[in-house]
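Right, one structure below, let's go through it.
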Amino acid sequence: MTTMDVLPSPVRLQALDKPGQPAVTPALEELYRGFEQEMLVPLWTEIGSLMPLHPQSKATPHLWRWNNLRRLADQAGHIVPVGRGGERRAIALANPSLGGRPYASPTLWAAIQYLMPGEDAPEHRHSQHAFRFVVEGEGVWTVVNGDSIRMSRGDFLPQGGWNWHAHHNSATEPMAWIDGLDIPFAYHNECAFFEFGRDEIPPEEHTTPEFSFSERLWGYPGLRPVSQLESTASSPLLAYRWVDTDKALNEQLALEAEGYAATLSPGHAAVRYSNPTNGRDVLPTIRCEMHRLRTGAASQTRREVGSSVYQVFDGTGTVRVGERQWQVQRGDMFVVPSWQPFTAQADNGQASLDLFRFCDAPIFEAIQGHRVQMG
Ligand code: 1HN
């Protein structure tokens with residue numbers, strides 16, 4: 001036995017001489033050495049970290065400015081080709097306390113993606129669930145299982161796992177959008193599959209229809225094709241158009257003004273993107289919503305199990321996440337870690353504050369682990 005063998009490990013040092021811990025004796029030291037040699041850890045030294053009284057996220061609140069994301073994505077557009085292997089010119093938000101990995105939160109990937117005029121992002125599929133959201137621009141079509149879907153400002157495009165997809169920019173300007181996926185969740189839980197598709201998309205598939213097949217079949221509110229009565233895990237509607245989202249939010253505020261209980265709280269309208277086959281979330285692991293705060297209005301303070309990523313769609317305001325507070329504007333993105341209080345307030349002025357939000361709540365609802373606390 002060497003001196004090294006009898007030095008207490010960091011775990012044991014923590015455990016020594018603390019309330020609730022056994023008295024330090026040579027026999028205890030011997031016991032802990034035995035645990036270490038046999039790769040064993042007792043509960044009594046770990047209970048506090050394993051069973052916190054409430055979620056204590058490893059993620060930190062953080063803000064990324066859109067002008068920085070845009071500028072660096074454009075720089076990448078001029079330097080980094082997009083093609084087979086790298087697959088996408090996507091640049092992920094890396095939460096500062098998650099080890100430099102491309103994780104906005106422990107479960108969620110959020111990235112800006114950029115496609116130059118005439119470029120193609122190659123076809124592939126993965127088991128991770130995904131969506132795209134467009135804060136500015138147009139000209140890219142995403143092709144999901146051969147269905148070409150236009151992407152324009154304010155559009156939300158869910159894409160359930162294991163569907164073939166590619167993108168093409170058919171315009172004369174670069175285009176940026178954001179991608180949300182459950183990549184960190186799939187990574188940590190070791191359930192990821194990936195498959196390459198065709199290396200080249202035939203030119204005849206570079207179509208640019210105004211509306212996709214999916215919208216023509218599913219895009220009429222409350223009207224379900226009687227040929228499609230099965231409930232699906234992910235939404236078959238592949239684009240939710242800004243014109244509809246905007247109208248729905250405006251009508252909630254108008255109804256509120258007329259005395260109806262249509263809003264979440266005074267001046268706070270919100271819609272959740274939903275799967276028309278069952279009314280549930282659009283994706284099995286990701287919830288997506290658009291929130292509108294009337295000029296000067298504030299949301300109620302809220303904390304929730306699981307993490308959220310927000311992107312400011314329009315307007316300006318102040319957001320508070322845990323101890324942090326930021327003045328935000330169009331395109332800015334920020335993370336709300338699990339169980340951290342969140343409040344948003346629209347600036348006084350002309351415009352309301354529109355916030356696009358995605359979060360991992362469906363995961364926690366599925367395991368009966370979801371909680372929300374107001375105030
Ligand atoms: C992916 O396929 C897309 O299809 C975006 O646009 C981001 C991040 C990791 C792996 C695959 C896309 C991705 C991705």
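All of the numbers you see were taken from the coordinates with simple rules; none came from a lab. The structure displayed is predicted, hence computed values, not measured ones. Cβ: placed from backbone, ideal geometry, glycine included. Neighbour counts: every protein chain shown.
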Exercise. Under a 10 Å cutoff between Cα atoms, tell me which one of ALA346, ALA111, ALA76 has the largest fluctuation in the Gaussian network model of the chain.
Key: ALA76
Practice problem: Sticking with the crude label model, points 7 Å out along Cα→Cβ, report the distance from HIS188 to LYS18 in nm, one decimal please. | Solution: 2.1 nm
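Taking only DSSP H segments of four or more residues, each worth -39500 (n - 2.57), what value at 222 nm results for the chain once the sum is divided by all its residues, to the nearest 500 deg cm²/dmol?
When only DSSP H runs of four or more count, the value is -5500 deg cm²/dmol.
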Self-check item: Options LEU72, GLY160, GLY146, ranked by Cα towards positive dipole end of the stretch 56-165, top entry (Cβ charges)
Solution: LEU72
Practice problem: May I ask you to list the residues of the stretch 270-290 whose amide nitrogen lies under 15 Å from a point 7 Å from Cα along the Cα→beta-carbon direction of ARG224? | Solution: 274-281
Practice problem: With springs connecting C-alpha atoms under 10 Å apart, model the chain as a Gaussian network and identify which of GLY100, GLY137, GLY83 has the largest mean-square fluctuation. | Solution: GLY100
Self-check item: Contact order relative to length of the chain, as percent, for alpha carbon pairs under 8 angstrom and 6 or more apart
Solution: 15 percent
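How high is the relative contact order of the stretch 5-147, given as a whole-number percent (alpha carbon pairs under 8 Å, six or more residues apart)?
Answer for the stretch 5-147 is 16 percent.
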Self-check item: Cα→Cβ-extended label distance, 7 Å offset, between ALA261 and HIS78, nm
Solution: 5.6 nm
Exercise. Go ahead and collect, in residue order, the members of the stretch 175-191 whose backbone nitrogen is under 11 Å from a label point 7 Å along the Cα-Cβ direction of SER127.
Key: 186-187, 189-191
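Suppose R0 equals 56 Å. What FRET efficiency, 1/(1 + (r/R0)^6) with r the Cβ-Cβ distance, do THR172 and VAL41 give to the nearest 0.05? Write down the numbers at each step before the final one.
Working: r = 60 Å, r/R0 = 1.07.
E between THR172 and VAL41, to the nearest 0.05, is 0.40.
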Quiz item: What range in the chain is the longest one free of GluC sites (Glu not before Pro) that are in a loop by DSSP and have at most 12 other Cβ atoms within 10 angstrom?
Solution: 39-189
Practice problem: Compute the length gained on full extension between ASN145 and LEU31: take 0.36 nm times their separation in residues and subtract their Cα-Cα distance, giving the result in nm to one decimal. | Solution: 35.1 nm
Quiz item: What percent does the relative contact order of the stretch 240-375 come to when contacts are Cα pairs within less than 8 Å and at least six residues apart?
Solution: 27 percent
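Suppose every K and R has +1 on its Cβ and every D and E has -1 on its Cβ; what is the size of the dipole of the chain about the Cα centre, in Debye to the nearest 20? Mind dumping the intermediate values first?
On the way: 32 positive and 43 negative charges, 173 e Å.
Value, rounded to 20: 820 debye.
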Exercise. Take the chain, connect every pair of alpha-carbon atoms lying under 10 Å apart with a spring to form a Gaussian network, then pick out the residue of SER338, SER148, SER265 with the largest mean-square fluctuation.
Key: SER265
Quiz item: What spacing in nm lies between the two simple spin-label points modelled at HIS54 and MET374, each 7 Å away from Cα in the Cβ direction?
Solution: 1.7 nm
